[in-house]
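Below is one structure, written out as C-alpha cells; comments come after it.
Readers should treat all values here as calculations from the given coordinates under stated rules, not as data from a laboratory. Predicted model, so just to flag it, every value in this text is computed and none were measured. Positions of Cβ are generated from backbone atoms using ideal geometry, with glycine treated the same way; all protein chains shown enter the neighbour counts.
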Amino acid sequence: MKKILVLLIILFSLENYGQNYAFYNDYRSHKNIIEGTYSQKSTLKTYLDLKLPIIDNSKPIEINIGFDFIKISESSVVLFDSHNVEIMKPIGKIERTTQVKIDSTFFKEIYRDYSKPWSISFNVWNKITINGKSYYTDYDIHDSQDIEDIKQLNQKVLIIGQNTGYDYSYHMGYPEYYFLLFLNKSNEVIFESEILDIRIGDEFAMKGDFLKTNWSEKTENFEITFFKQLEAERKELEIHWNGKEIKMETTANN
C-alpha cells in the first residue's frame, strides 16, 4: 500500500531557516514502529557502484545561521532526484565533505531492532541544495555547529557535530560525531579532521558542558578540549592546532 502524505502532513517554516518539515502517518504514530533496521539508500552499494556525476561544492564555506554538512568518511554518498523510492533515480554522488542547505525534511518511518537493548533507525529524507541545485538524500547530515575565531592565526575553526536524537526523536539532542574544519581568512578549508574519538553522551549538551577553547601563548597553539564526565570515568580529548598541523591527545581517568 502506498504511503500517502495527505492527512497527517505537517508543514511549517522556522523563522531563521525557512526549512519545511513533513510527517508521514506511520512516523507520527509509535504504534507503527517497524521491526528491523532501516537500510539507507544513499549509501547502498547498488547505487554507489554506478557511474554518476560528481557533485562538488567548490566554493568557500558560507558562514551563516543554518550551515550543515554531509561528512564523507568511509564511502561516497549518492543523491537522488526524489525522496519517493518507487520513482527516484540516482543523479549524482558526493565524494568529499560538502556544505549543504537543508530545504525540507520528510519523516517517513521509524525502525527498531528488538534483538538489541536499544537500536533505533529512521527513514528520513532531506531535500538539500548544493550550488543552487536540489537533491534528495537519506544520509545523516551534520547539523550542529559552532564557530571559533582564531585571531592570532587569522583563521576560523568550525566545530561540527550531529544531533543524534533520543528515544524515538530524530536528530533532537545528543550531539555527537564531531569533526573540525579549519578555514583561512577567505573561508577556504585548509584542514579537515576525521570524526573525533569522543562521545559526549549528554541529551541536551550545551557547548560549555563539554567543550572549551583557548589560545596558548606558551605553545602558540589554538587548543580545543572535549571532555566527558561520567560517574566512573572522565575522558578528555585535547587538540592542538598551530595553523598548519594538528595534534590530538586522549586521556581517560577511571
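Residues TRP118, TRP125, arranged from fewest to most other Cβ atoms within 10 angstrom of their Cβ, appear as TRP118, TRP125. Here the Karplus relation 6.51 cos²θ - 1.76 cosθ + 1.60, evaluated at θ = phi - 60°, turns the backbone of segment 148-157 into coupling constants of 10, 7, 10, 4, 5, 10, 6, 9, 10, 10 Hz, with x for every Gly and Pro.
Among SER169, SER76, the order by Cβ neighbours within 10 angstrom, fewest to most, reads SER169, SER76.
Straight-line reach from LYS108: taking Cα to Cα under 30 Å and skipping same-chain neighbours fewer than 8 places apart, the lysines in range are LYS2, LYS3, LYS31, LYS41, LYS45, LYS51, LYS71, LYS89, LYS93, LYS116, LYS127, LYS133.
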